[in-house]
Amino acid sequence: MLKPTILSIGMATVMAGAAISPVLALIAKAFPEASPTMIKLILTAPSIMIIPFSFLSSYLTSKLTKRTIILIGLVIYLIGGIGPQFVPTIELLLLFRLILGAGVGLVMPLSMSLINDYYVGRKRTKMMGYNSAFSNLGGILTMLLAGWLATFGWRVPFNVYFLGLFIFILVFFFLPKGELQKPKKNEKKSRLPLAVFGFALAMGGIMLAYYSIATNIAIYLEQSELGGTALAGTVISFTTVGGMITSLLLVQIELTLKNYAIPIMLSGMGVAFLLLTFTYSVPIVMLSVCLIGFGQGSLFPILVLKALDSVPFHQADQAIAVTSSFIFLGQFLSPIVLDGIGKLANQDSIRFQYGALSVTILIIVIISTWTIVRNNKQTPSLT
């Protein structure tokens, strides 16, 4: 039961914001005095708390076992997730959403570091891919469930967070207590290597590009006269489908592409954004967002594994806290950066933003490929 227990922890973390996105319009009607910004904060508020509590989680691993931290985090998760359905004001609802973010922040880094603790080699790579795939699956299922529960009123969908109770039971009975994450006696305390921050920065950049689909595709389809909200929801789901496929095939991708996995997956994303810049065909739009999902679904686990390989075992939780924080930072900055680029260029078109992303990604692909080829040529002369 260890494998399903670890994967279930990953599913809980992705539900922080996505689960209640289908009911935002109903909440807006229930609180007509609330501003549109306040309503949007219901979705994004957990992210504000996830970043600091991710670092707190990595610090606590030297004081408490991971099992204990996860159980505490899941209790906070349950309170913050279920609580909003009982509140009379929008301010209290936001408070509970912040509490939810704190719980997710404690749990999320450990959902990945547990894989590093219990699996090695190809099994570790496969589990990291499964973790990403099942997280996406959890997001899809909970959004569908929340959409159905919304037919009974805006309060009812918050019951989807009762999934946290099921995960709590799994963790309590099937996750080993483990040990405190302290350096061994012969190991000196050291700072995280710069490589970790490099991988984290790359993940933040990929999330910045990836999240442009969720934030901009509805406007893109409208500007292109291709469709409305219903089509936008279908298109966004194709990024998740693409991500799930590559996550499940992660070991095969690494074995086949070897050192070139990162630039090849990035080039797929670059070509996809290039297609979005010029196409007016709905099937090609769907193919493009699926390619973007392919890239994200494989690049995130690969970069996390590289970050873990660059640190000693006792620093694994810190490395994951840093990489996870940059993912949420990229998510937060995506609309700000891309809209800012559009304003600087005096371009309101989403196509221009996608074109800028395409050019940037393809330049990075050229530089990274050239670096890999150069390093491969130098390696024989050193042996």
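The values are calculated or read from the model by the stated rules, or taken from the named source; none is laboratory data. For clarity, every value in this text was computed on a predicted model and none was experimentally measured. In this analysis, Cβ positions are derived from the backbone assuming ideal geometry, glycine residues included, and neighbour counts consider all displayed protein chains. For the accessible areas, the whole protein counts, side chains as well, though only heavy atoms, and no ligand, DNA or RNA atoms are used. Shrake-Rupley method; radii C 1.70, N 1.55, O 1.52, S 1.80 Å.
Things worth noting here:
- Residues of the stretch 26-84 satisfying the condition of being within 16 Å of Phe328 (Cβ to Cβ), of a type in the set (Ser, Thr, Tyr) and open to solvent by 50 Å² or more (accessible area, probe 1.4 Å): Thr44
- In the stretch 227-245, the count of residues that are in a loop (DSSP other than H, G, I, E, B), farther than 27 Å from Met11 by Cβ and at pLDDT 90 or above is zero.
- Residues of the stretch 234-244 satisfying the condition of being open to solvent by 40 Å² or more (accessible area, probe 1.4 Å) and free of Cβ contacts under 8 Å to residues at least 60 places away in the same chain: Thr234, Ile236, Phe238, Val241
- Residue check, Tyr118 over 25 Å from Val87 (Cβ atoms), open to solvent by 20 Å² or more (accessible area, probe 1.4 Å) and within 16 Å of the chain's Cα centre (by Cα): no
- Members of the stretch 304-322 found to be farther than 17 Å from Thr125 by Cα and among the hydrophobic types (A, V, I, L, M, F, W, C), listed by number: Ala321, Val322
- Close pairs (7 angstrom Cβ cut-off, 6 or more residues apart or separate chains): farther than 21 Å from Thr13 by Cβ in the stretch 304-331, assigned to a helix (DSSP H, G or I) and open to solvent by less than 10 Å² (accessible area, probe 1.4 Å) anywhere: Ser310/Val196; Val311/Val196; Val311/Ala319
- Whenever a residue of the stretch 151-176 is in contact (Cβ under 8 Å) with a residue 12 or more places away in the chain, its partners that are part of a helix (DSSP H, G or I) and among the basic types (Lys, Arg), lying with C-beta atoms within less than 9 angstrom and at least six residues away or across chains, give the pairs Trp154/Lys29; Val171/Arg67; Phe172/Arg67; Leu175/Lys66; Leu175/Arg67; Pro176/Arg67.
- Leu257 vs. criteria modelled with pLDDT under 90 and open to solvent by 30 Å² or more (accessible area, probe 1.4 Å): yes
- Matching residues, the stretch 266-281, being open to solvent by less than 30 Å² (accessible area, probe 1.4 Å) and assigned to a loop (DSSP other than H, G, I, E, B): Thr279
- Unique residue being in contact (Cβ under 8 Å) with a residue 60 or more places away in the chain, closer than 15 Å to Arg155 by Cα and assigned to a helix (DSSP H, G or I) when the list is Ile27, Ile39, Ile115: Ile27
- Odd one out for Lys126 among (1) in contact (Cβ under 8 Å) with a residue 12 or more places away in the chain; (2) closer than 24 Å to Ile20 by Cβ; (3) surrounded by fewer than 23 Cβ atoms within 10 Å (Cβ to Cβ): (2)
- Within the stretch 216-228, the set of residues being surrounded by fewer than 16 Cβ atoms within 10 Å (Cβ to Cβ) and under 23 Å from the mean Cα position of the chain (by Cα) comprises Ile219 only.
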